[in-house]
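Participant: Shown below is the structure under consideration.
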Amino acid sequence: MQSHPPINIEALLTHVPLFNGLATEEIGRIAKATREIYAGKGDILFHKGDPCNGFHLLVYGQIKLAFTSAQGSEKVVQILGQGQSFGEALMLMDKPYIVFAQALTDSLLLHVSKAAIYEELQRDHKLCHRMLAGMAMRLHELMSDVESYSLHSGKQRIIGYLLRELPDGSGDTRVTITLPTNKGIIASRLNLTQEHFSRILHELINLDLIAVEGRKIHIPSVAKLRLHEG
């Protein structure tokens with residue numbers, strides 16, 4: 001088994017927005033009920049139907065949340081990156097996982113025990129407010145996704161995705177973005193088949209709106225691309 005250097009769980013937890021404002025002793029109690037999970041690329045963290053005994057915080061890496069249809073096709077629900085958490089709602093509802101989780105890259109996660117969170121919720125109601133705010137934000141994102149799938153064309157979805165991936169501070173001129181994962185996973189996330197995704201990319205290339213180099217997407221003019229978003 002591959003060995004990993006020890007990590008300071010308490011130090012990592014202090015940088016989690018959910019735990020902002022907690023005292024050192026509160027962080028310490030949560031840290032004692034937290035374990036680290038190293039997941040190699042392709043590893044499954046949990047399957048649909050597994051019990052949810054806490055929630056996960058992603059220290060580094062990339063995690064895919066998805067489900068598989070009866071026909072065997074996969075639908076990606078969310079692609080999570082550094083600093084994001086998942087599983088809080090199911091933990092509070094005392095429900096099993098409704099998706100499976102798989103590491104897209106080598107990843108380090110923290111699993112925070114449900115029992116520890118329940119204890120702190122009794123002590124600090126502000127933690128409850130922060131958890132509710134985080135879940136409300138995700139519900140809003142889910143509704144935005146449903147709106148996009150229902151009302152926007154595949155071309156609009158892809159352009160919207162590319163614009164959301166722009167680095168902070170990007171202007172309206174040339175910029176290059178690197179896709180966080182392969183095109184098949186992004187296509188599923190946008191509720192498109194890989195073939196449809198590829199056809200739209202070629203259409204955008206022919207319109208001189210983008211140039212594709214592996215996972216790198218070169219956008220000659222952000223302003224011109226925005227004109228095709230609506």
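Here is a yes/no grid of residues against (1) under 23 Å from residue 191 (Cα atoms); (2) at pLDDT 95 or above; (3) part of a loop (DSSP other than H, G, I, E, B); (4) more than 19 Å from the chain's Cα centre (by Cα):
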| site | (1), (2), (3), (4) |
| --- | --- |
| 15 | no, no, yes, no |
| 30 | no, no, no, yes |
| 35 | no, no, no, yes |
| 76 | yes, no, no, no |
| 82 | no, no, yes, no |
| 91 | no, no, no, no |
| 98 | yes, no, yes, no |
| 101 | yes, yes, no, no |
| 116 | no, no, no, yes |
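Participant: Between 131, 135, which is assigned to a helix (DSSP H, G or I), open to solvent by less than 20 Å² (accessible area, probe 1.4 Å) and of a type outside the set (D, E, K, R)?
Facilitator: 131
Participant: Of everything in the stretch 90-109, what is surrounded by fewer than 15 Cβ atoms within 10 Å (Cβ to Cβ) and not β-branched (Val, Ile, Thr)? Give them in sequence order.
Facilitator: 93, 94, 95, 96
Participant: Follow-up question, since we're still on this one. Looking at the stretch 161-207, which of the residues that are of a type in the set (S, T, N, Q) and in a loop (DSSP other than H, G, I, E, B) is most open to solvent (accessible area, probe 1.4 Å)?
Facilitator: 173
Participant: Of all residues in the stretch 208-230, which are surrounded by 11 or more Cβ atoms within 10 Å (Cβ to Cβ) and in contact (Cβ under 8 Å) with a residue 60 or more places away in the chain?
Facilitator: 225, 226, 228, 229
Participant: Which one of 87, 61 is on the phi > 0 side of the Ramachandran plot, in contact with a Cys (Cβ under 7 Å, 6 or more places away or on another chain), open to solvent by less than 30 Å² (accessible area, probe 1.4 Å) and not acidic (Asp, Glu)?
Facilitator: Just a single option satisfies the conditions, and that option is 87.
Participant: Residues in the stretch 197-207: is at least one of a type outside the set (A, V, I, L, M) and within 24 Å of the chain's Cα centre (by Cα)?
Facilitator: Checked against the condition, which is being of a type outside the set (A, V, I, L, M) and within 24 Å of the chain's Cα centre (by Cα), the stretch 197-207 yields at least one hit.
The values are calculated or read from the model by the stated rules, or taken from the named source; none is laboratory data. The shown structure was predicted, so the numbers you read here are calculated from the model rather than taken from an experiment. Don't worry about glycine lacking a Cβ; one is built from the backbone with ideal geometry, like all the others, and counts go over all protein chains shown. Just the protein is used for accessible areas: all its heavy atoms, side chains included, with ligands, DNA and RNA removed. Shrake-Rupley method; radii C 1.70, N 1.55, O 1.52, S 1.80 Å.
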